[in-house]
Amino acid sequence: MKPNISRSTKEHVANMNTQNNSEQDVHEAVDVIIVGAGFGGLGMGTRLAREGEKSFVILERATEVGGTWRDNDYPGAACDVPSHLYSYSFRLNPEWSRTFAPQAEILGYLSDVAREEGLLPHIHFGAELIEARWDVELTRWVVLTPKGVFTATNLVTAVGHLSEPKLPQIPGMETFTGDMFHSAQWNRDVDLAGKRVGVVGSGATAIQVVPEVAKEASELVVFQRSAPYVTPRPDRAYTDAEKGMYRRLPETMEEVRSEMFWANEDRYAQRRGTPSLVNPAAKVAIDHLHKQIQDPALVAKLTPDYTFGCKRVLKSNDYYPTFNADHVTLDVGGVESIANGIVRSHGGESHELDVLIFCTGFEATDLPIAYRVFGNSGRSLSEQWANGMQAFATMAVTGFPNMWILNGPNTGLGHNSAVYIAESQIEYIDAALKYMDTNQLAVLEIDGAAEEKFMDRVERLAEGTVWLEGGCKSWYVDARNGRLTTLWPDPAYSFRQENGVFDPAPFELARRHTDAAALSEVR
């Protein structure tokens, strides 16, 4: 049986069919559509699969699961949150090889989750969300993909902040005669051996890429706009005895996880900008720099000029030593222009290069998916967020009924595990879906005033933090409004307290407002 499709939806389907020059399947309607098969999407899917009460699909644009851990397979890629904490609480893993797991191991973990939790039959690969519209007549979401049209009562977006690579706009960039790519789109066909390589950026990705590239390149130039704080990376391999203990006594993994979580929570206080807490933490990073670099001029270039924690604090034992090598150059100020194979920096230096690698981050404050999702007024989420993204409880947006955002506004952390945040949101969304069922509600939409009130609270929490007053420019803050739109400006445990328990009151208020408006129109 084919689901009923409204005229407006049929027009979109027809347009897509014309563009793709092929007939698209119209799939059966389901209860929930999940967009993305990374940590958030697979976590949400696992919850629904285990409960077995709702039909759902997971739409994934790639050909395998993993999200950012699938895409970011550059040399040296690894997590900077301890493995036992950067994993699902409901799927503890005794087999982690190291304190900080490498990319391939995390990807394998997520692949195991998809297979062992029975999610693969629910996942449609190559099904990138082209457009999602709320159909007012059907009170359903209609999602167009290259694999056809999917409809559902609820839409859960789980694409995260780190899904769309961001490239800087550099004059002459298109003239570069060598190989050029973003770290999240690593070109393995390019052999770096003996090449003159430039790495643009000095953030979390660059500090992992640079030491690896230096092993192969004949020359390496690192273009740094601002120096990061880098602290020691306390990494080591787990012994067979430890892994055996974790298998026999799973509760020991829970204890380790708890210790790691609260140790990270202690570090949040540094982000409040209190000198007595910030200064000792900064000293650890500066001492680390001085131990590994002796050249005073190089030390000066690698010393941050902003408050500790204002940007992401990084962990590495081999980043600084790389600059001691004769074939490695640190160029400060960033790239000014490119002309054929010559890359010129703002510092006035010119470098002839064969390969240019951009470690320049992602579209974190202006999410590309927002341009493809349209609410009950026909307005896109990007239009709604023209002055910065926001959502009630970080998940619900007024004007977008039955839509829930995983890893969206104000969900990032500068000190703890993003998986903990995702699980908190999954708990909230699951409770909201059950509330709809219990009360036989077709539509659940957040009240606009409640959303604004929530954002006012977030803004008050952010006041005085190092992210806003630390003297740096970072992707944590949206340049359009100066607001902290990507991070949760409080401890992680408070996120779960405030945003992990569903409260129907502000949603019911929106329903009463809608019902009153409809009654007034009838009269």
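The values are calculated or read from the model by the stated rules, or taken from the named source; none is laboratory data. Predicted model only: the values in this text are computed from it and were never measured. Here the Cβ positions follow ideal geometry from the backbone for every residue, glycine too, while neighbour counts run over all protein chains shown. Just the protein is used for accessible areas: all its heavy atoms, side chains included, with ligands, DNA and RNA removed. Shrake-Rupley method; radii C 1.70, N 1.55, O 1.52, S 1.80 Å.
Brief remarks on what is shown
- Evaluating Gly412 against the criteria (1) of a type outside the set (D, E, K, R); (2) more than 19 Å from Asn154 (Cβ to Cβ); (3) open to solvent by 10 Å² or more (accessible area, probe 1.4 Å); (4) touching a helix residue (DSSP H, G or I) at 6+ places or on another chain (Cβ under 6 Å) leaves one unmet condition, (4).
- Residue pairs meeting the criteria (Cβ under 7 Å; at least 6 apart or on separate chains; first without any contact (Cβ under 8 Å) to a residue 12 or more places away in the chain, in region 41-59; second open to solvent by less than 50 Å² (accessible area, probe 1.4 Å) and in a strand (DSSP E or B)): none
- Scanning region 416-444 for residues that are open to solvent by 40 Å² or more (accessible area, probe 1.4 Å) and part of a loop (DSSP other than H, G, I, E, B) yields Asn439, Gln440, Ala442, Val443.
- Tallying residues that are of a type in the set (D, E, K, R) and without any contact (Cβ under 8 Å) to a residue 40 or more places away in the chain within region 250-281 yields 4.
This table checks each residue for (1) without any contact (Cβ under 8 Å) to a residue 40 or more places away in the chain; (2) buried (at least 19 other Cβ atoms within 10 Å of the Cβ).
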position: Gly172; (1), (2): no, no
position: Ile207; (1), (2): no, yes
position: Pro232; (1), (2): no, no
position: Arg248; (1), (2): yes, no
position: Lys283; (1), (2): yes, no
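- When we screen Pro304, Pro321 for residues that are under 25 Å from Leu167 (Cβ atoms) and either at pLDDT 95 or above or in contact with a strand residue (DSSP E or B) (Cβ under 9 Å, 6 or more places away or on another chain) (or both), the only hit is Pro304.
- For region 306-358, a tally of residues being part of a loop (DSSP other than H, G, I, E, B), of a type in the set (Phe, Trp, Tyr) and over 26 Å from the mean Cα position of the chain (by Cα) returns 1.
- Residues of region 114-167 that are at pLDDT below 95, open to solvent by less than 20 Å² (accessible area, probe 1.4 Å) and among the charged types (D, E, K, R): none at all.
- Residues that are basic (Lys, Arg) and closer than 22 Å to Leu129 by Cα do occur in region 160-169.
- The set of residues in region 322-332 that are of a type outside the set (A, V, I, L, M), touching a residue at least 12 places away in the same chain (Cβ under 8 Å) and surrounded by fewer than 15 Cβ atoms within 10 Å (Cβ to Cβ) comprises Asn324, His327.
- Residue among Asp287, Asp318 that is within 22 Å of Phe100 (Cβ to Cβ), touching a helix residue (DSSP H, G or I) at 6+ places or on another chain (Cβ under 6 Å), surrounded by fewer than 20 Cβ atoms within 10 Å (Cβ to Cβ) and not aliphatic (A, V, I, L, M): Asp318
- Sole residue being at pLDDT below 95 and either part of a loop (DSSP other than H, G, I, E, B) or not hydroxyl-bearing (Ser, Thr, Tyr) (or both), chosen from Leu289, Leu298, Leu277: Leu277
- For region 452-481, the set of residues classified as farther than 19 Å from Ala269 by Cβ and touching a strand residue (DSSP E or B) at 6+ places or on another chain (Cβ under 6 Å) consists of Phe454, Val477, listed by residue number.
- Matching residues in region 181-199 - criterion: being touching a helix residue (DSSP H, G or I) at 6+ places or on another chain (Cβ under 8 Å) and not small (Gly, Ala, Ser): Gln185, Leu192, Val197, Val199
- Only one of the listed residues (Phe176, Phe90) is more than 30 Å from Asn402 (Cα to Cα), among the aromatic types (Phe, Trp, Tyr), at pLDDT 95 or above and surrounded by fewer than 22 Cβ atoms within 10 Å (Cβ to Cβ). That residue is Phe176.
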